[in-house]
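Enquirer: Have a look at the structure that comes next, please.
The values are calculated or read from the model by the stated rules, or taken from the named source; none is laboratory data. The model shown is predicted, which means the values in this text are computed figures rather than measured ones. Cβ placement follows ideal geometry from the backbone for every residue including glycine, while neighbour counts extend to all protein chains displayed.
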Amino acid sequence: MSADARKKIKIKPFTIVNAVIMVVLCIVFILPFWMMITASFSGDMALIKNGLSLWFQDFSVSAYAELFATKSLLRSLGVTLVVSLGTAVLSVFVCTGAAYVLSKKKLAGRKLLTWYFMIPMFFGGGTIPLYLVIRELGLYDHIWALILPNVVSIYNIVLVRNYFYSLPESLSEAADLDGANEMQMLLHVFFPLAVPMMLTIGLITFVGRWNSWLDSLMYLSVQNDGLWMIQYTLRKILENNPADPSPASVKNAAIVIVVAPLIIASPILHRFLANGVTAGAVKG
């Protein structure tokens, strides 16, 4: 074998160490979820006797049958999907519109408006004031209480604004010469270019709402269980109730049902998320 051939196939120590670390991390991250999957398909008595295992024990789908037989879980999944999608769509348009306005360098008072948006990013009013505002607006015990408070995200606005900063001003100048107004520029010029960013902030918002449970506790009454989000329903299932304890297999099956959609969607949407965050990181 020639020296050039040996040089080409030479593997650096860093590459080996990096590969080993990645494999170990993958095992550490995947193993707990895999054990939950095996537990969800195992018999409850086998779990009580042997505990968690890497393989199925007394294979059974009774836990999933029991969960899907109850209307509360399916209803909560539907409510969570509506809330997550609704919040994500509204957030995309609101945040993109606000970012477009803040990206206009000729806007009077632009710096003041930017600081006005940035202050709540670091100093929040707190949970109790937000709860009181929701009650005074008449949104308590309504599905809009789960959507509207989470539509505006300062982080997303800054992310999209930085992306608009990176675009050449010649785009606006060309549209202005063609007689386009600001709304036409936003809809026909900047919106199509900002699709990766819009997908990014939509994904961030969707995942945040899917994983939320506190809103259901704060803004919904105990009797209004028809609007409980899936994470709050899961919390109720996982609570230790001495009078009616949930079997271990049912608890694990509930966790799998809630987490699985995000795990399946993550590899598909990862490319859009990485591209969007990278584009929004450009300094203006």
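Enquirer: Against the condition buried (at least 18 other Cβ atoms within 10 Å of the Cβ), at pLDDT 80 or above, in the same structural domain as residue 66 (by TED's automatic domain parsing) and touching a Lys or Arg at 6+ places or on another chain (Cβ under 9 Å), how does residue 185 come out, does it pass?
Expert: Details: buried (at least 18 other Cβ atoms within 10 Å of the Cβ): yes; at pLDDT 80 or above: yes; in the same structural domain as residue 66 (by TED's automatic domain parsing): yes; touching a Lys or Arg at 6+ places or on another chain (Cβ under 9 Å): no.
When the stated conditions are applied, residue 185 does not pass them.
Enquirer: Regarding residue 208, is this residue of a type in the set (Gly, Ala, Ser), in contact (Cβ under 8 Å) with a residue 24 or more places away in the chain, in a helix (DSSP H, G or I) and surrounded by fewer than 18 Cβ atoms within 10 Å (Cβ to Cβ)?
Expert: Working: of a type in the set (Gly, Ala, Ser): yes; in contact (Cβ under 8 Å) with a residue 24 or more places away in the chain: yes; in a helix (DSSP H, G or I): yes; surrounded by fewer than 18 Cβ atoms within 10 Å (Cβ to Cβ): yes.
It is true that residue 208 is of a type in the set (Gly, Ala, Ser), in contact (Cβ under 8 Å) with a residue 24 or more places away in the chain, in a helix (DSSP H, G or I) and surrounded by fewer than 18 Cβ atoms within 10 Å (Cβ to Cβ).
Enquirer: Restricting to the range 32-61, what's the tally of residues that are under 20 Å from residue 259 (Cβ atoms), surrounded by 11 or more Cβ atoms within 10 Å (Cβ to Cβ) and of a type outside the set (Ser, Thr, Tyr)?
Expert: Selection size over the range 32-61: 11.
Enquirer: Continuing with the same structure: Looking at residue 75 and the list (1) surrounded by 14 or more Cβ atoms within 10 Å (Cβ to Cβ); (2) charged (D, E, K, R); (3) modelled with pLDDT under 80, which single condition is not satisfied?
Expert: (3)
Enquirer: Something else: Which helices (runs of 4 or more DSSP H) does the range 35-120 wholly contain that include 2 or more residues that are under 29 Å from the mean Cα position of the chain (by Cα)?
Expert: On the way: elements: 44-50, 62-69, 71-102.
Here the list reads 62-69, 71-102.
Enquirer: For residue 172, indicate whether it is out of contact with any strand residue (DSSP E or B) (no Cβ under 8 Å at 6 or more places or on another chain) and at pLDDT 85 or above.
Expert: Values: out of contact with any strand residue (DSSP E or B) (no Cβ under 8 Å at 6 or more places or on another chain): yes; at pLDDT 85 or above: no.
Against the criterion (out of contact with any strand residue (DSSP E or B) (no Cβ under 8 Å at 6 or more places or on another chain) and at pLDDT 85 or above), residue 172 does not qualify.
Enquirer: If you don't mind, another one. So, in the range 141-179, of the ones that are surrounded by 13 or more Cβ atoms within 10 Å (Cβ to Cβ) and of a type in the set (Phe, Trp, Tyr), which residue ends up nearest to residue 88 (Cα to Cα)?
Expert: Among those residues, the one meeting the criterion is 144.
Enquirer: To continue, here is another question. Closer than 30 Å to residue 190 by Cα, aromatic (Phe, Trp, Tyr) and buried (at least 16 other Cβ atoms within 10 Å of the Cβ): which single residue out of 100, 64 fits that description? Write out each step before concluding.
Expert: Details: 64 fails: closer than 30 Å to residue 190 by Cα.
From the options 100, 64, the qualifying one is 100.
Enquirer: Residues that are closer than 19 Å to residue 258 by Cα and not small (Gly, Ala, Ser): does the range 93-107 have at least one?
Expert: First, the residues of the range 93-107 that are closer than 19 Å to residue 258 by Cα: none.
Looking through the range 93-107, none of the residues is closer than 19 Å to residue 258 by Cα and not small (Gly, Ala, Ser).
Enquirer: If I go through the range 172-198 residue by residue, how many of them are in a helix (DSSP H, G or I), under 17 Å from residue 96 (Cα atoms) and not acidic (Asp, Glu)? Can you show your working first?
Expert: Step one: filter the range 172-198 for residues in a helix (DSSP H, G or I), giving 172-177, 182-193, 195-198.
Filter again for under 17 Å from residue 96 (Cα atoms), leaving 172, 182-193, 195-198.
Filter once more, keeping what is not acidic (Asp, Glu): 172, 183-193, 195-198.
Looking only at that region, the number is 16.
Enquirer: Something else now. Find the residue count for the range 143-185, including only residues that are among the polar types (S, T, N, Q) and under 20 Å from the mean Cα position of the chain (by Cα).
Expert: First pass over the range 143-185, keeping only residues among the polar types (S, T, N, Q): 150, 153, 156, 162, 166, 170, 172, 181, 184.
Now drop any that are not under 20 Å from the mean Cα position of the chain (by Cα), which leaves 150, 153, 156.
Final tally of qualifying residues: 3.
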